[in-house]
Amino acid sequence: MTDLTYVGAIDQGTTGTRFMVFDHDGQVVSSAYETHEQIYPEPGWVEHDPVEIWENTKSVITTALAEGDVDAAQLEAIGVTNQRETTVLWDAASGTPVYNAIVWQDRRTTDRVETLEAEGLDEPIRETTGLQPDAYFAATKAEWLLDNADPIKLERSRPDDVRTRAERGEVLFGTIDSWLIYNLTGEHVTEVTNASRTMLYDIHDLEWDDDLLEEFSIPRAMLPEVRPSSDEATYGSTDPDGFLGTEVPVAGALGDQQAALFGQACFDAGSAKNTYGTGSFFLLNTGEEAVESEHGLLTTIGFQRSGDPVQYALEGSIFVTGAAIEWLEDVTLIDDPAETEALARSVDSTDGVYVVPAFTGLGAPHWDQRARGTIVGMTRGTRREHIVRATLEAIAYQTRDVAEAMEADSGIEISSLRVDGGAVKNNFLCQLQSDVIGTQIVRPEVDETTALGSAYAAGLAVGYWSDLEELRENWRVDREFDPEMEQRLADRRYERWSEAVACARGWARDEEV
Ligand SMILES: Nc1ncnc2c1ncn2[C@@H]1O[C@H](COP(=O)(O)OP(=O)(O)O)[C@@H](O)[C@H]1O
Ligand SMILES: O=P(O)(O)OC[C@H](O)CO
């Protein structure tokens with residue numbers, strides 16, 4: 001065996017789980033990926049099986065280590081990054097989930113969020129948590145689980161309901177980071193960027209907020225301890241008698257969008273990235289200042305290293321971007337997402353067609369839970385190529401909605417935007433994005449920036465990397481895209497897009513008839 005050492009990263013995303021092994025230069029040594037079932041019990045509901053996610057996590061770690069010929073003992077640390085907001089409740093004694101995980105996309109608590117607005121809690125929630133009240137966040141999901149999870153699912157059937165048991169600390173709450181760390185090390189912790197997505201956490205005082213816990217009837221005893229993203233104290237180590245057969249410290253964790261910010265080396269205030277996955281998440285580092293948004297963005301925690309102050313970010317969360325491409329596949333307009341590039345290039349324009357993929361309402365900057373998907377401007381001459389192109393354009397326009405809000409809130413002109421995620425393989429989309437926002441788009445060489453960011457957090461904590469400068473040197477450009485379209489034309493099309501968004505927002509507010 002060699003004395004080479006590595007850092008591993010678990011990237012637990014909406015559609016699947018990846019494990020990647022990185023070397024000191026930030027290069028990928030090996031990687032394995034498995035998808036998990038998407039469970040849709042009712043329209044608008046989305047669940048995952050937490051046990052399947054944990055089994056897949058063990059499996060991808062084992063596979064990636066074998067494929068890279070890496071011994072677990074060569075891992076200096078493991079980092080975790082995860083789909084955020086997705087909520088799990090589990091039995092502390094047995095480790096068994098009391099119900100499926102409720103996924104960030106799930107809309108079952110929409111009505112409950114509307115009662116918050118009616119109670120005038122919008123503003124206080126925004127001030128404390130930095131978040132715009134929405135079914136997206138963990139708070140109303142946890143409340144729903146406490147009210148509805150079936151006690152029979154607990155390992156030993158008990159007379160008490162889930163909430164009573166949670167009050168005694170016998171049922172635990174966590175986002176996916178907590179769930180994985182609990183299974184890896186036995187510790188019940190979360191990290192600060194994930195906590196900032198619960199709508200229960202005070203992002204200024206850095207503590208769980210009593211008023212919000214009371215509003216959602218969430219017992220404090222079920223909450224994890226909140227720790228830095230890169231934690232020298234670590235979140236514990238893997239069990240030497242467990243599946244890895246050795247003790248590896250789990251020392252870094254970040255919500256996946258914050259991990260991408262970190263992996264893109266956006267360490268300084270003013271740097272920004274946008275990730276194009278199922279949805280898109282545009283984050284601007286605002287340094288030690290928590291910038292309050294007046295234009296529909298979220299104020300969120302960007303990252304924190306042990307002993308350092310918290311770094312904040314402004315975030316524009318767009319719920320459906322890559323998922324709109326998946327929808328094209330579902331309705332058989334395409335066979336594979338990769339086809340969209342050639343199809344879009346085969347026509348000169350969308351011929352006046354606009355697609356607004358508001359399938360789960362609209363997130364930033366509109367925050368309209370009841371908006372619905374809309375296609376406008378079709379004629380008898382509309383072809384699938386036009387609809388495909390309009391769907392790609394919708395990704396770019398939604399990003400412009402957020403970019404404009406970002407500049408208005410921060411006063412920072414974003415002159416260059418780093419991009420990542422599954423959809424940026426599409427060069428047409430990257431060029432279009434540059435045209436639509438009139439800004440340079442930069443794609444980095446490493447395409448798994450999310451996993452890399454959490455590896456950095458873990459590696460910094462255990463001294464595998466010593467400082468941010470070392471990481472900055474690892475970051476290299478794959479390709480830059482500069483605006484080519486005349487700005488006046490881009491602006492005119494964007495105006496039409498805004499009218500299409502108004503249609504999506506006006507539609508389907510009531511029950512179907
Ligand atoms: N060539 C492509 N053009 C446009 N979208 C693509 C392309 N390839 C993949 N995608 C989209 O990228 C998404 C997957 O990206 P990924 O970053 O893996 O997502 P997630 O982390 O949310 O699971 C899918 O929604 C898919 O539709
Ligand atoms: O798993 P992804 O990449 O779709 O990211 C999901 C986000 O974290 C949701 O907030």
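The values are calculated or read from the model by the stated rules, or taken from the named source; none is laboratory data. As the structure is a prediction and not an experimental result, all values here were calculated from the model. When we count neighbours, we look across all protein chains shown, and the Cβ atoms used for this are built from the backbone with ideal geometry, even at glycine.
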Tally up the residues in the range 50-69 that are crowded, with 21+ Cβ neighbours inside 10 Å and within 14 Å of Ala32 (Cβ to Cβ), please.
6
Only one residue in Asp435, Asp336, Asp409 is under 30 Å from Glu292 (Cβ atoms), touching an Asp or Glu at 6+ places or on another chain (Cβ under 9 Å) and more than 16 Å from ligand 2 (Cβ to nearest atom), so which one is that?
Asp409
Single residue of Arg305, Arg345 found to be within 30 Å of Val192 (Cβ to Cβ), of a type in the set (Lys, Arg) and surrounded by fewer than 23 Cβ atoms within 10 Å (Cβ to Cβ)
Arg305
Report the residue count in the range 90-101 for those that are over 13 Å from Trp179 (Cα atoms) and either buried (at least 24 other Cβ atoms within 10 Å of the Cβ) or within 16 Å of ligand 1 (Cβ to nearest atom) (or both).
0
With the structure loaded, tell me whether Ile176 is modelled with pLDDT of 95 or more, β-branched (Val, Ile, Thr) and in contact with a Phe, Trp or Tyr (Cβ under 7 Å, 6 or more places away or on another chain) or whether it fails that test.
no
So Gly363 clears everything in (1) within 16 Å of ligand 1 (Cβ to nearest atom); (2) modelled with pLDDT of 95 or more except one condition, right? Which one?
(2)
Among residues belonging to the range 339-366 that are in contact with a strand residue (DSSP E or B) (Cβ under 8 Å, 6 or more places away or on another chain) and among the hydrophobic types (A, V, I, L, M, F, W, C), point out the one that is nearest to Ala403 (Cα to Cα).
Ala364
Only one of Gly352, Gly363 is of a type outside the set (A, V, I, L, M) and surrounded by 20 or more Cβ atoms within 10 Å (Cβ to Cβ); which?
Gly363
Within the range 207-226, track down each residue that is in contact (Cβ under 8 Å) with a residue 24 or more places away in the chain and either more than 24 Å from Glu143 (Cβ to Cβ) or over 22 Å from the mean Cα position of the chain (by Cα) (or both).
Asp209, Asp211, Leu212, Glu215, Phe216, Ser217, Ile218, Pro219, Ala221, Met222
Of all residues in the range 274-302 being small (Gly, Ala, Ser) and within 15 Å of ligand 1 (Cβ to nearest atom), which is surrounded by the most Cβ atoms within 10 Å (Cβ to Cβ)?
Ser280
Being closer than 23 Å to Glu469 by Cβ and more than 15 Å from ligand 2 (Cβ to nearest atom) is the filter; apply it to the range 9-28 and report the residue that is surrounded by the most Cβ atoms within 10 Å (Cβ to Cβ).
Phe22
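Yes/no per residue for (1) crowded, with 19+ Cβ neighbours inside 10 Å; (2) in a helix (DSSP H, G or I):
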residue	(1), (2)
Val88	yes, no
Trp104	yes, no
Arg107	yes, no
Leu116	yes, yes
Arg126	no, yes
Could you identify the single residue in Gly270, Gly255, Gly277 that is away from ligand 2 (no atom under 16 Å from the Cβ) and closer than 28 Å to Gln433 by Cβ?
Gly270
Considering only the range 382-396, I want to know if a residue exists there that is in contact (Cβ under 8 Å) with a residue 60 or more places away in the chain and either in a loop (DSSP other than H, G, I, E, B) or surrounded by fewer than 19 Cβ atoms within 10 Å (Cβ to Cβ) (or both).
no
